[in-house]
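The values are calculated or read from the model by the stated rules, or taken from the named source; none is laboratory data. For clarity, every value in this text was computed on a predicted model and none was experimentally measured. Here Cβ is always computed from backbone atoms with ideal geometry, including for glycine, and neighbour counts include all displayed protein chains.
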Amino acid sequence: MITRADKTQEIAALSESFGRAKAAFLVDFKGMTVEQVTTLRKKLHPLESEMCVVRNTLAIRALADHPKASAALKDGFVGNNAIVFAYGEAAPAAKALNDFSKDVESLQLKIGVLDGEPLNTAAVKTLANLPSKDVLRAMLLGTLQGAASKFVRTLAAYKEKQEGTPAT
């Protein structure tokens, strides 16, 4: 039997997790085996994420301290739910959930919240398909470098035309 003190302690822990997390995803895990849940938790751990199975009423009470997250998540607490907290980057956790839901059909992505903004299922899947931060940085650098290279080639061609000699 869970006591009132245990509930209060669990609500405080959940509230602290909501406060610390950059993103939270609500998933329905009904029909998953214990091994599948354990496997998912092991995949999430290196990504600075964790999966918590909680009672809906306790989760709603924990959200009371976080109005933006509450507005985004409170309607999704129906049925068997687990909350996946992403303490690091949100995209890798969303990718792991999306990939795992493709392998295990019992896992259903419901909704999420990212920096206080609500995410529907399609937005979570879009977030999952984004390249990593390092890849995005490399793409931006390539774009910037391409423009600079073209500018230098244009200047060299202009100089060559003015002088009548090939530029080095």
- Subset tally (residues that are in contact with a Phe, Trp or Tyr (Cβ under 8 Å, 6 or more places away or on another chain) and either in a strand (DSSP E or B) or basic (K, R) (or both)) for segment 33-48: 1
- Task: Mind counting the residues in segment 79-108 that are farther than 21 Å from S15 by Cβ and either under 14 Å from the mean Cα position of the chain (by Cα) or of a type outside the set (D, E) (or both)?
- Result: 18
- Item | Near pairs, Cβ below 9 angstrom, 6+ apart or cross-chain, from segment 47-63 (at negative phi) to any residue that is part of a helix (DSSP H, G or I) and among the acidic types (D, E) | V54/E10; R55/E10; L58/E10; A62/E10; A62/E16
- Note on the structure: Just one listed residue, out of P166, P131, is modelled with pLDDT under 90 and either surrounded by fewer than 11 Cβ atoms within 10 Å (Cβ to Cβ) or in contact with a Leu (Cβ under 7 Å, 6 or more places away or on another chain) (or both), and it is P166
